[in-house]
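Scroll down for the structure; my scribbles are underneath it.
Each value in this text was obtained by applying a stated rule to the coordinates, not by laboratory testing. Just so it is clear, the structure is predicted and the values come from calculations on it, not from any experiment. Neighbour counts run over all protein chains shown; Cβ positions are idealised from the backbone, glycine included.
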Amino acid sequence: MLPTSIAAHESSEKSNDSQQLHYQKDVDAGALFVLKSKGSWIHCGYHLTTSIVAPALLSLPYAFTFLGWTAGIFCLVIGALVTFYSYNLISLVLEHHAQMGNRQLRFRDMARDILGPRWGRYFVGPIQFAVCYGAVVGSTLLGGQCMKAIYLLSTPNGTMVLYEFVIIFGCLMLILAQIPSFHSLRHINLVSLVLCIAYSTCATAGSIYIGRSSKGPEKDYSLKGNTENRIFGIFNAVAIIATTYGNGIIPEIQATLAPPVKGKMFKGLVVCYAVLTVTFFSVAISGYWAFGNASEGLILSNFVDNGNPLVPKWLIYMTNIFTIAQLSAVGVVYLQPTNEVMEQTFGDPKSPEFSNRNVIPRVISRSIAVSIATTIAAMLPFFGDINSLIGAFGFLPLDFVLPVVFFNLTFKPSKRSPIFWLNVTIAVAFSALGAIALVAAIRQIVLDAKHYRLFANV
């Protein structure tokens, strides 16, 4: 029985590989080695959850400080509904092209085939690269900050500074970056799924503990600042929520699915959004309830007041360790588009994947990419402001606008149909929001510029 089942499995994998070659007209090393199409719908769910349900969700209570209860929960619900809808539209477009014999494996492939080659090369490709590489830098910086938080709690008078922790986290990323393909991350991303539930539970429990005790601040849910600051604060909050829901790599995740892909992405999204609903809403509501408009940019910062922990130390240690571990997975997932581009540039599809011809350029190029990201994170510890800019300029068009445009151009629904006007409304509304959020993010960078200092120990 065992040899027969192994032979059947190998035969199935060969069949999947041959189908993949059939779908992809010009098979390059990036598509062949990084975007292997061997995964199942549950693997897809792991990848989606890691890319969306990330430690950025710990900023949601802070976004609520600009919006208040009603608008905050409304924006959170709208973000969930629109992104779930948009990601399914992208999946349907990808399935349609696969059935037509042209399986698209990358976001820029979709833009090239649907909008034209210039859109793929000069708009979607660069924006996706900036968003994903920005996420790698942001993960590295946040990983270093969580390490520093653990260090200061255990050694209050310690002399280590932030950039040293960023470098330590970068070394971990350097090792994980050598994992050859997106599909190879499926087991890591399963662990990541468990970790995001774990630290969200800890953050929620910590917020409730402080909120019910006398240790926390007095609850104040009023909106701070004058009218101008409140207006720009609303759009900053929208950018934060959009970045939290953002993905930017849906086509690359769907590329990891073994053909036929029909229906698999929807199941993966259901897994992801089940986790997302539990984690996003529990952290946002409990954090804002406990700290009100005193909620910090990262809710874990509220757990310590002037060096004094407001919750048991072990809870802070555990939450930060879970967060650090998941950040390493998030960073590697968002490194995949960079890996794919470098593999396409330096790899040889005619040579074996693990031949010297491909392994040596792979190790060198990925090491350089991680080293540059680590250097940027160490130099610019205020990268959060820049990430807001990237979120407004990148996640809003990639995840809210382009999916509905792709769907309307591919399936050409009647102009009398509700779906056509729903998609047009989403595209127009979120394009306008993106433009305003971009202005708000630039304004925030200008306001904070006087505090910027390279290699600052913040």
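Observations
- Percentage, to the nearest whole number, of Cα pairs in segment 222-369 over 27 Å apart: 49 percent
- Efficiency of FRET between Ile175 and Thr375 - r from beta-carbon atoms, R0 22 angstrom, step 0.05: 0.80
- Listed by chain and number, the aspartates and glutamates whose alpha-carbon sits under 20 Å from that of Lys36, ignoring those within fewer than 8 places in the same chain, are Glu10, Glu13, Asp17, Asp26, Asp28, Glu95, Asp109, Glu252, Glu340, Glu343, Asp348, Glu353.
- Relative intensity, log₁₀ I(q)/I(0), of segment 76-207 from a Debye sum that treats every alpha carbon as a point, q = 0.11 Å⁻¹: -0.65
- Alpha carbon centroid spacing (whole Å) that separates segment 282-318 from segment 339-367: 44 Å
- Stretch gain in nm, segment Ile167-Thr155, where the contour uses 0.36 nm per residue and the Cα spacing is subtracted: 2.4 nm
- A simple spin-label model places pseudo-atoms 7 Å from Cα toward Cβ; at Ser417 and Gln99 they are separated by 1.3 nm.
- For segment 258-333, the Kirkwood hydrodynamic radius comes to 15.2 Å, computed from all pairs of different C-alpha atoms.
- Net length gained if the chain between Arg443 and Thr345 were fully extended (0.36 nm per residue, minus Cα distance): 31.6 nm
- Where Rh is the Kirkwood radius over Cα pairs, Rg/Rh for segment 37-79: 1.20
- Using alpha-carbon coordinates, inclination of helix 60-99 to the longest axis of the chain, degrees: 0 degrees
- Between Ser367 and Lys224, the contour length at 0.36 nm per residue exceeds the alpha carbon distance by 47.0 nm.
- Inter-site label distance for His187 and Asp305 at 7 Å from Cα along Cβ, in nm: 4.5 nm
- Ranked by how many other beta carbons lie within 10 Å on average, peptides 273-285, 109-121, 48-60 from highest: 48-60, 273-285, 109-121
- Entries of Lys38/Lys415; Lys38/Lys148; Lys224/Lys450; Lys264/Lys412 with Cα pairs more than 30 Å apart: Lys38/Lys415; Lys38/Lys148
- For Val304, nonlocal amide neighbours, meaning residues 5 or more places apart or on other chains whose placed amide H falls under 5 Å from its own, are Leu310.
- Loop-located trypsin sites (Lys or Arg not before Pro) in segment 198-242 (DSSP state other than H, G, I, E, B) with a sparse environment of at most 16 neighbouring Cβ atoms within 10 Å: Lys215, Lys219, Lys224.
- Efficiency of FRET from Cβ geometry, Leu454 and Ile231, R₀ 25 Å, rounded to 0.05: 0.20
- The alpha-carbon positions of segment 140-284 define a convex hull whose volume is 182 Å³ per residue.
- Cα convex hull, segment 40-134: 132 Å³ per residue, rounded to a whole number.
- Relative frequency of Cα-Cα separations exceeding 22 Å in segment 324-458, percent: 61 percent
- Asn356-Ala130 pseudo-label distance in nm [points 7 Å out on the Cα-to-Cβ vector]: 4.1 nm
- As a size descriptor, the averaged projected area of the C-alpha convex hull of segment 206-299 was calculated at 8.1 nm².
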